1. Roughly how many whole Å is it from the C-alpha centroid of segment 125-150 to that of segment 12-83?
2. State the extension gain, in nm to one decimal, for the chain segment bounded by F28 and N119, taking 0.36 nm per residue of separation less the distance between their alpha-carbons.
3. R0 = 22 Å: FRET efficiency of E297 with M240, Cβ-based, nearest 0.05?
4. Kirkwood hydrodynamic radius (Cα pairs, Å) of segment 47-100?
5. Contour minus end-to-end for I306 and H260, with contour as 0.36 nm per residue of separation and end-to-end as the Cα-Cα distance?
6. With every protein chain in place, what's the accessible area of E43 (1.4 Å probe, Å², nearest 10)?
7. Give the long-range amide H neighbours of K216: residues separated by 5 or more places, or on another chain, with amide H under 5 Å away, using H modelled in the peptide plane at 1.01 Å from N.
8. Scale the Cα Rg of segment 164-209 by the rule-of-thumb value 2.2 N^0.38 Å and send over the ratio, two decimals.
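The values are calculated or read from the model by the stated rules, or taken from the named source; none is laboratory data. Computed from a predicted model, the values in this text were never measured in an experiment. No Cβ is skipped: glycine too gets one built from the backbone with ideal geometry, and neighbour counts run over all protein chains shown. Areas reflect the complete protein model, heavy atoms only, side chains present, ligands, DNA and RNA absent. Shrake-Rupley method; radii C 1.70, N 1.55, O 1.52, S 1.80 Å.
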Amino acid sequence: MKPVFIINGFLESGKTEFISFTLSQPYFQVKGTTLLVLCEEGEVEYDEEILQKSRTVVEVVDNEEKLTPAKLTELEKLHKPERIVIEYNGMWNFKNLKLPWYWQIEQQITIINAATFQNYYTNMRSLLAEMIRKSELIIFNRCDGLMDQLSNFKRNVKAVNPQAEIVFEDKDGEVNQIFEEDLPYDLKADVLKLGDYEYGIFYLDAMDNLGRYIGKTIEFTAMVLIPEDSKGSYFVPGRMAMTCCADDMAFLGYACIYNHCDTLENKQWVKVTATVHQEYWEDYNGEGPVLHAIQVEQTKKPKQEILNFA
């Protein structure tokens, strides 16, 4: 079986850049030849040094009628590759692609330019659907300035391919955006009951998407932290978390206004019911999430005291 990697996407979506980056990685510079079949030649050209270092040979087949199992078999016999990468032409209907019977698709990846996605989705939806229907990974690049549209983009893709992994990237790299539909709790519930995992998601998401939570009531188990300058007016309920390794621990919690802080002790475990507000807070150096306690009651410590984000 010959492993085949198919990279598809419309012109100027970033396919060449993605393949070039992949070929330049040490994990791809393995024994044997890589056959790279180009079904279109974009504005970006492949770097000869990268091709040589990764032992990659390039063949251009820019006519859809010529991309046949016989032609691909001919190229395989000529170059005797260990693996094949196909940069597929996004204007060709993907369902028409036929490979030699003994070639096995190892992975199919679709690259999408987020800035032009809506235009293609509106005007070439059938071509786009065939492109992403069997893709395991779909990468939206150039997402800068489009954060408010990414959730819709994701829904559009998931409607065609619910199993696909979807990644969004901007000029700084991968966008760690948590979409409302991916949250492990229902924002429409009267009370958001946050377990260990849910509390971690809430803490991270509230930093970037506080508007989702303003006025919501939350309930969670936390350790008490009483800052020295609190003057009995507030405490910080939170959890210790391992963010990358055992040596990198942080206390994750937001300020909570409570009229009976004098009844609390540091490191005490409590169940907190509170509403979420957006207020100026000196420790935040601006506005941020501030909890207003409705009820704080003593409880037993959880089985897993430390949350693991590593």
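1. Distance between centres, Cα-based: 23 Å.
2. Details: separation 91, 0.36 × 91 = 32.76 nm, distance 3.39 nm.
Extra length available between F28 and N119 comes to 29.4 nm.
3. That pair, E297 with M240, gives E of 0.60.
4. This gives a value of 12.5 Å.
5. Working: separation 46, 0.36 × 46 = 16.56 nm, distance 2.63 nm.
Gain on extension, I306 to H260, equals 13.9 nm.
6. Near enough 150 Å² of accessible area.
7. It is V276, by chain and number.
8. Cα-based Rg divided by the globular estimate yields 1.33.
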